[in-house]
Amino acid sequence: MLTIDRRDRWALLTLDRPRQRNALSIELRDAVSDALDDLAGDERVHGVAITGAGGTFSAGWDLREFERARTDPDLAARIWASGDRFHHTLLGFPLPLVAAVDGPALAGAFDLAVCCDVRLASTTARFAHPEFSWADVVYAPLEAAVGGAVARDLLLTGRPLDAGEALAVGLVSVVVEPGQLAAHLAGVMARIAAAPRDVLRRTKAKAVRRAAVDLAPTLQL
C-alpha cells in the first residue's frame, strides 16, 4: 500500500494501490502520515519524495469510503480525522517534500502534490479537482503554490491542467518523459541531500511561515 525506500540521505514514499489508482484511503493516508512523522525525526534524512505506482500519481481520496460513511457515522469521523492529520503532517513537515507526478493527480491527490514544496511531472501528468461540482475543495495550499488568480480559476471552474500548462503556471518545475522521471527525481533529491540538514530545516521553516497556511480542518483549508 505504501512503499518506503530509504536512499542516501533521502527517502522515497510510493503510493502503491495501482488497482485502485492509488486512491488515498484512510489506511494509506495514515501510512503516509506515520512515515513522515518517523522520517522527520531521522537525522539521516534530508528530504522526502512522494510518487505513485503504475503510471498514476493518485485518483484522490477513496470514494468508496465516502459511500459507506453515509450510513456509518464512526467511519465518517475517521475519514475527516485522518484527512486533517494527513494535511497537517504534509504542510508542517520540517524538511523538503518533493512530489514526482506521473499520470493523473486528482482531487485530494492534487492537494497532496501542492502540499509538497517541489513538484516534478512527466508528460502524462494531469491535475484537476473534479469534485468541485459536488464538494468543498482545499484552497490555501494551491494558492500558496501558484497565486490567487490561478487557484481561483482552477478551483471555481474545475478545469484540468495538463503537464505543459502546469509548467507554464508554475505548478511544476519541470516536465520530462515518463521514463526519465525517476532519474530526474533522484538528481533533485541528491542536490537536496547535499545541503546541511539544519539549513534545510531553517529554510523550510521560513517557507512555512511565509506561506501562512493555517492548519485548519481539511475543508477549511
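A short reminder: the numbers here are calculations on the coordinates, not readings from a lab. Values in this document were obtained by computation on a predicted structure and should not be read as measured data. Note: ideal-geometry Cβ built from the backbone for every residue, glycine included; neighbour counts use all protein chains shown.
Points worth noting:
- The range 60-154 shape via C-alpha gyration tensor axes, a/c threshold 1.5: prolate
- Compared with the alpha-carbon gap, the fully stretched path from ALA76 to LEU156 is longer by 26.2 nm at 0.36 nm per residue.
- Summed side-chain charge close to THR157 - residues other than THR157 whose Cβ falls under 14 Å, Lys, Arg +1, Asp, Glu -1: -1
- Amide H within-cut-off set for VAL174, under 5 Å, with H built and near neighbours excluded: ALA121
- Global geometry of the range 1-126, whether rounded, prolate or oblate, following the gyration tensor of its Cα atoms and the 1.5 cut on a/c: oblate
- Expressed as a fraction of 2.2 N^0.38 Å, the value expected for a compact globular protein of N residues, the C-alpha radius of gyration of the chain is 0.95.
- Each Cα pair under 8 Å and six or more residues apart adds its separation to the average, and for the chain the resulting relative contact order is 20 percent.
- Using a cutoff of 8 angstrom between alpha carbon atoms and counting only pairs six or more residues apart, the relative contact order for the range 32-114 works out to 51 percent.
- Applying the Karplus relation 6.51 cos²θ - 1.76 cosθ + 1.60 with θ = phi - 60° to the range 181-188 yields 3J(HN,Hα) values of 5, 4, 5, 5, 4, 4, x, 4 Hz, where x marks Gly and Pro.
- Residue-averaged 222 nm ellipticity for the chain, from DSSP H runs of 4+ at -39500 (n - 2.57), nearest 500: -14000 deg cm²/dmol
- Residues whose placed amide H lies under 5 Å from that of GLY52, excluding near-sequence neighbours: LEU15, ASP102
- Sorted peptide list for 197-206, 10-19, criterion being average Cβ within 10 angstrom, highest first: 10-19, 197-206
- Among PHE127, PHE93, PHE66, PHE57, the order by Cβ neighbours within 10 angstrom, fewest to most, reads PHE66, PHE93, PHE127, PHE57.
- Summarising the amide proton neighbourhood of TRP61: residues at separation of 5 or more, or on other chains, whose placed amide H is nearer than 5 Å comprise LEU24, GLY108, ALA109.
- Per-peptide average of other Cβ atoms within 10 Å, ordering 181-190, 78-87, 111-120, 144-153 highest first: 111-120, 78-87, 181-190, 144-153
- Prolate/oblate/rounded label for the range 95-221 (Cα gyration tensor, a/c 1.5): oblate
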